[in-house]
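Asker: Got a structure for you, written out below as structure tokens; questions coming shortly.
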Amino acid sequence: KIYNRRYFHYKYSEFKNKSRLLGIIIFDLDHFKEYNDSLGHLTGDQILKDFADSLQQDDDRIISCRFGGDEFIIYLALDDANYDAIEKTIKEFKQNWQKNITTIDRSSTITLSIGGAYYPKHGKNYQELWSNADKALYLSKNNGRNRISIYQL
């Protein structure tokens, strides 16, 4: 029930034209491989489904996609897609994640590393924007995981 990477690339132009500002948020499930390997692939699949469900929105200004493996990405085509709007949206998604976990006894310790960036401040085109959101994600991972980082110039 979630879009894939190809759709994400396809929707960029449409979203960029919809709004003056466009945010990208990348989510990574921390240490997911270890959970998948130790608890089994069925449990791992359920964790991914639970997380994908937590990203679903009834808002056509937000598009959620599975980007690969345990990474998910969303677009925010909001008029106020700035640091505060991105951080608020991230917190809402984290709350949804905690509510949607059906494998709570096994996944309650799974944390999220999150990176975000927004157009035009953090990139003038798709590649720059995505790259800078990815850099912010790796800043979160390199600083101990389970944190939110917004790209800084």
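Asker: For residues in the range 119-153 being under 18 Å from Phe72 (Cβ atoms) and free of Cβ contacts under 8 Å to residues at least 24 places away in the same chain, which is surrounded by the fewest Cβ atoms within 10 Å (Cβ to Cβ)?
Answerer: Checking each candidate, the answer is Tyr138.
Asker: Okay, next question. State the number of residues belonging to the range 110-153 that are in a helix (DSSP H, G or I) and small (Gly, Ala, Ser).
Answerer: Looking only at that region, the number is 4.
Asker: Same structure, new question: Looking only at the range 66-73, decide whether some residue is among the charged types (D, E, K, R) and open to solvent by less than 10 Å² (accessible area, probe 1.4 Å).
Answerer: No: the range 66-73 contains no residue that is among the charged types (D, E, K, R) and open to solvent by less than 10 Å² (accessible area, probe 1.4 Å).
The values are calculated or read from the model by the stated rules, or taken from the named source; none is laboratory data. For clarity, every value in this text was computed on a predicted model and none was experimentally measured. Quick reminder, even Gly has a Cβ in these numbers, built from the backbone with ideal geometry, and neighbours come from all protein chains shown. Remember, those area values only see protein heavy atoms, side chains included, never the ligands or the DNA or RNA. Shrake-Rupley method; radii C 1.70, N 1.55, O 1.52, S 1.80 Å.
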